[in-house]
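A short write-up of the structure that comes next.
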Amino acid sequence: MKEKIKHLIERLGENNIPAFYTNSRIEAFDKVMSMIPKGSVVGFGDSLTLRQIGIVDALEEGNYTFLNPWKPGISSEKNIEFKKQALTSDVFVTGTNALTLDGKIVNVDGHGNRVAAMLFGPSKVIIVIGINKIVRDLEKALEKIKYITAPLNVKRHTEFNPIPPCAETGECTDCNSSWRICNKTTIIERQYDNDRYKPIITMVIVGEELGI
């Protein structure tokens, strides 16, 4: 695994996507927080990984303007407002569904706010990923999302009504549910790095299994 991660970080670097490896969630927490200046406006793409390593609590309690659309008790209107504001935030923090060994960042979204902010808008994007989300190639990434990630994500969103069928079947059935979470698929292969545009995404890989 260490050799694979070393090779992966090299490939990401070739694609102008800076990446760091941390041994544990504690190291990952310190690394991510060091990259977020105090006083920043911070957007958030819902991420179990970031909750597990303590980033969400730290941003809620610290000296930041934290745009958390999933804060308990928040209204639907405020949810949408925070998602829009995150597109021009100083820093956007999120997880990712899968990362291939050749450096492709693969995501499937329901609403699209998470992938939109990863693609363009924020001054800085920090993506945190556990080693369990590293897969061989694009085919394996999409397979993991359809058969593992999506069904489990649906199950943890208890507000969905009616609940999409993948929660029961355990796999994507290409449904037409009003709460379908597989609506937008993105593959980030590379970033600009030239006189006009600089990379906005930095990846933090954690040597633990995190998220779904």
Being of a type in the set (S, T, N, Q), within 13 Å of the chain's Cα centre (by Cα) and under 18 Å from residue 166 (Cβ atoms) is the requirement here; does residue 113 meet it?
no
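What residue, of 94, 149, 100, is within 26 Å of residue 176 (Cβ to Cβ) and hydroxyl-bearing (Ser, Thr, Tyr)?
Exactly one residue qualifies, and that residue is 149.
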Considering only the stretch 78-112, state which residues are farther than 15 Å from residue 185 by Cα, assigned to a loop (DSSP other than H, G, I, E, B) and among the charged types (D, E, K, R).
90, 102
Looking across the stretch 31-77 at residues that are in a loop (DSSP other than H, G, I, E, B) and of a type in the set (Val, Ile, Thr), the single one that is nearest to residue 153 (Cα to Cα) is 53
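A quick yes/no check of all residues on (1) within 22 Å of residue 28 (Cα to Cα); (2) crowded, with 22+ Cβ neighbours inside 10 Å:
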position	(1), (2)
43	yes, yes
50	yes, yes
61	yes, no
65	yes, no
70	no, no
76	no, no
95	yes, yes
98	yes, yes
Taking only pairs six or more apart or across chains, which ones have beta-carbon atoms under 8 Å, a first residue in the stretch 67-89 that is on the phi < 0 side of the Ramachandran plot, and a second residue that is outside any loop (DSSP other than H, G, I, E, B) and β-branched (Val, Ile, Thr)?
67/41; 67/42; 68/56; 69/80; 85/41; 89/41; 89/42
Only one of these conditions is not met by residue 148: (1) surrounded by fewer than 18 Cβ atoms within 10 Å (Cβ to Cβ); (2) more than 16 Å from residue 171 (Cα to Cα). Which number is it?
(2)
Taking first residues from the stretch 23-39 that are surrounded by 17 or more Cβ atoms within 10 Å (Cβ to Cβ) and second residues anywhere that are basic (Lys, Arg), the pairs with Cβ under 9 Å that are 6 or more apart or on different chains are 36/124
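Can you name every residue in the stretch 185-202 that is closer than 19 Å to residue 95 by Cβ and either part of a loop (DSSP other than H, G, I, E, B) or at pLDDT below 95 (or both)? Don't jump to the end; show me each part of the working.
The initial filter retains those residues of the stretch 185-202 that are closer than 19 Å to residue 95 by Cβ, namely 185-189, 191, 199-202.
Across the stretch 185-202, the qualifying residues are 189, 191, 199, 200.
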What is the number of the single condition among (1) in contact with a Phe, Trp or Tyr (Cβ under 9 Å, 6 or more places away or on another chain); (2) closer than 23 Å to residue 34 by Cβ that residue 110 does not meet?
(2)
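Is there a residue being of a type in the set (Asp, Glu) and touching a Lys or Arg at 6+ places or on another chain (Cβ under 8 Å) anywhere in the stretch 63-79?
Looking only at the stretch 63-79, we keep the residues that are of a type in the set (Asp, Glu), and these are 77.
Filter once more, so that each one left must be touching a Lys or Arg at 6+ places or on another chain (Cβ under 8 Å): none.
No: the stretch 63-79 contains no residue that is of a type in the set (Asp, Glu) and touching a Lys or Arg at 6+ places or on another chain (Cβ under 8 Å).
Let's see how each residue does on (1) under 13 Å from the mean Cα position of the chain (by Cα); (2) more than 30 Å from residue 137 (Cβ to Cβ); (3) at pLDDT 95 or above; (4) among the charged types (D, E, K, R):
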position	(1), (2), (3), (4)
46	yes, no, no, yes
61	no, yes, yes, yes
85	no, yes, yes, no
98	yes, no, yes, no
Could you say whether any residue in the stretch 28-38 is over 20 Å from residue 200 (Cα atoms) and of a type in the set (Val, Ile, Thr)?
no
What is the number of the single condition among (1) surrounded by fewer than 20 Cβ atoms within 10 Å (Cβ to Cβ); (2) out of contact with any strand residue (DSSP E or B) (no Cβ under 7 Å at 6 or more places or on another chain) that residue 138 does not meet?
(2)
Being among the β-branched types (Val, Ile, Thr) and at pLDDT below 95 is the requirement here; does residue 74 meet it?
yes
Cβ pairs under 9 Å, 6+ apart or interchain, first in the stretch 101-129 and at positive phi and without any contact (Cβ under 8 Å) to a residue 60 or more places away in the chain, second small (Gly, Ala, Ser) and assigned to a helix (DSSP H, G or I), ordered by first then second residue, are 121/86
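The values are calculated or read from the model by the stated rules, or taken from the named source; none is laboratory data. What you see is a predicted model; the values in this text were computed from it and never measured. Here the Cβ is made from the backbone with ideal geometry for all residues, glycine too, and neighbour counts use every protein chain on show.
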